[in-house]
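Enquirer: The structure that follows is given in the form of structure tokens.
The values are calculated or read from the model by the stated rules, or taken from the named source; none is laboratory data. Predicted, not measured: the structure shown is a model, and the values here were computed from it. Heads up, the Cβs are rebuilt from the backbone with ideal geometry, glycines too, and the neighbour counts pull from every protein chain shown.
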Amino acid sequence: MGKMVIYPGSFDPITNGHLSILRRALTIFDSITIAVASDPMKKTLFTLAERMEMIRESIKKDDKVFVESFSGLLVNYVVSKKSNIILRGLRALSDFEYEFQLSLMNRKLNGNIQTVFLMTDYRWFYISSTIIKEAASLGGTINGLVPEIVCKKLKEKFAVNKPENKGG
């Protein structure tokens, strides 16, 4: 099967920044498993099933990318997939500090695990899932920042929570 990397995250929701990292990583690795974290302690806007559906729809044309969920320790999941490589994307120095700590902890838990960091493309430097959700919740335009399916799902999600505009 060649060199496979695990790309973990909550992907709540997946953004074009994530997809940029994914496409660039495919020039380095033979295949990528997007590992969607199933953490009941973390509050997400989208359910695990919704997040996985949006990811699958966003990457449906790529037969080198797989989407699975995982729970528990990431290093255990990586080993279960017969890999030893974790892929992480970076935007800013603050990302690096946090990701560096995670990487060191993962190496402490399993010394065979390597983490590969890719800087995001400059076009996506300023976006994050959190910022996308906030903008969408306030009616902002997020077209071009996330896949089309994510735009649709965010509009549906926030239309349910939006109070009717009653003119005065």
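Enquirer: Would you be able to tell me the number of residues in the range 1-50 that are touching a residue at least 60 places away in the same chain (Cβ under 8 Å), within 16 Å of Lys64 (Cβ to Cβ) and touching a His at 6+ places or on another chain (Cβ under 9 Å)?
Expert: Qualifying residue count, the range 1-50: 1.
Enquirer: Taking the range 131-153 as the search range and keeping residues that are β-branched (Val, Ile, Thr) and over 15 Å from the mean Cα position of the chain (by Cα), which one is nearest to Asn16 (Cα to Cα)?
Expert: Quick first cut of the range 131-153, residues β-branched (Val, Ile, Thr) only: 131-132, 141-142, 146, 149-150.
Imposing the further condition that a residue be over 15 Å from the mean Cα position of the chain (by Cα) reduces the set to 141-142.
On the way: Thr141: 14, Ile142: 11 Å.
The selected residue is Ile142.
Enquirer: Turning to a different aspect of this structure: Output the residues belonging to the range 120-144 that are of a type outside the set (Gly, Ala, Ser), outside any loop (DSSP other than H, G, I, E, B) and surrounded by fewer than 15 Cβ atoms within 10 Å (Cβ to Cβ). Don't jump to the end; show me each part of the working.
Expert: Going through the range 120-144, the residues of a type outside the set (Gly, Ala, Ser) turn out to be 120-127, 130-134, 138, 141-143.
After this cut, where a residue has to be outside any loop (DSSP other than H, G, I, E, B) as well, the list is 122-124, 130-134, 143.
If the condition is that a residue be of a type outside the set (Gly, Ala, Ser), outside any loop (DSSP other than H, G, I, E, B) and surrounded by fewer than 15 Cβ atoms within 10 Å (Cβ to Cβ), then Tyr122, Arg123, Thr130, Ile131, Glu134, Asn143 are the ones that fit.
Enquirer: Considering each residue of the range 1-26, count those that are modelled with pLDDT of 95 or more, part of a loop (DSSP other than H, G, I, E, B) and over 20 Å from Lys152 (Cβ atoms), and give that number.
Expert: Residues in the range 1-26 being modelled with pLDDT of 95 or more, part of a loop (DSSP other than H, G, I, E, B) and over 20 Å from Lys152 (Cβ atoms): 1 in total.
Enquirer: Among Phe117, Phe96, Phe100, Phe29, which is over 25 Å from Asn143 (Cα atoms), aromatic (Phe, Trp, Tyr) and in a strand (DSSP E or B)? Walk me through how you get there before you give the answer.
Expert: Numbers: Phe96 fails: in a strand (DSSP E or B); Phe100 fails: in a strand (DSSP E or B); Phe29 fails: in a strand (DSSP E or B).
On inspection, the qualifying residue turns out to be Phe117.
Enquirer: Could you grab the pairs with beta carbons closer than 7 Å, sequence gap of 6+ or different chains, first residue in the range 61-82 and within 19 Å of Lys3 (Cβ to Cβ) and free of Cβ contacts under 8 Å to residues at least 60 places away in the same chain, second one assigned to a helix (DSSP H, G or I) and of a type in the set (A, V, I, L, M, F, W, C)?
Expert: Going by the 7 Å Cβ cut-off, the qualifying pairs are Val65/Leu22; Val67/Met52; Val67/Ile55; Val75/Leu109.
Enquirer: Restricting attention to the range 41-78, which residues are among the aromatic types (Phe, Trp, Tyr), buried (at least 20 other Cβ atoms within 10 Å of the Cβ) and under 14 Å from the mean Cα position of the chain (by Cα)? If you could, list the steps in order and put the result at the bottom.
Expert: First, pick out the residues of the range 41-78 that are among the aromatic types (Phe, Trp, Tyr): 46, 66, 70, 77.
Those still in the list that are buried (at least 20 other Cβ atoms within 10 Å of the Cβ) too: 46, 77.
Answer for the range 41-78, where residues must be among the aromatic types (Phe, Trp, Tyr), buried (at least 20 other Cβ atoms within 10 Å of the Cβ) and under 14 Å from the mean Cα position of the chain (by Cα): just Phe46.
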